[in-house]
Amino acid sequence: MKNIKGYFRLLTFCFITGLVIIACKKHDDIVPENTTNTIKIDSLVPTKRNLVVWEESYITVYAKGQNLKYKWEADHGSMMGKDSTTVTYWACPSCLGNNTIKCVVSNESGRVSDTVMVHVTE
């Protein structure tokens, strides 16, 4: 019985470790910078710029243009709502330090992007 419990603990630990590694993977997607004058990003506004591990920050993009589409990226951490005007961002223990969040706003005429930095501590 001890072996089975130990086996399940090991599997659970491996599963959680795998999720953390995937969530904190650094993304190297390079998107061309501003390619249009018909879209404008006024600002990216986080609810918090200084976070502790697992704490959330909601980041909103304020943009002008028609038929806008949104794509969010982060060099570390995880996000929900990557195709909306507001994204929920949080960072895991391996994401300590400065993290850059990027929003690309596009439509049929082109794309523009902007970034905001958050700092994560333990």
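The values are calculated or read from the model by the stated rules, or taken from the named source; none is laboratory data. Just so we're clear, the structure is a prediction, and the values are computed from it rather than from any experiment. Reconstructed Cβ throughout: ideal geometry from the backbone, glycine too, with neighbour counts over all protein chains shown. Each accessible area value is taken on the protein alone, full model and side chains, heavy atoms only, with ligands, DNA and RNA left out. Shrake-Rupley method; radii C 1.70, N 1.55, O 1.52, S 1.80 Å.
Okay, here's what the table says:
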read-out	value
Output for segment 105-122, where each listed residue is more than 17 Å from the chain's Cα centre (by Cα) and among the hydroxyl-bearing types (Ser, Thr, Tyr)	106, 109
Count of segment 77-122 residues which are in contact (Cβ under 8 Å) with a residue 40 or more places away in the chain, open to solvent by less than 50 Å² (accessible area, probe 1.4 Å) and assigned to a loop (DSSP other than H, G, I, E, B)	3
Qualifying residue in segment 37-45 (condition: open to solvent by 20 Å² or more (accessible area, probe 1.4 Å), touching a Phe, Trp or Tyr at 6+ places or on another chain (Cβ under 6 Å) and either of a type outside the set (Phe, Trp, Tyr) or part of a strand (DSSP E or B) (or both))	yes
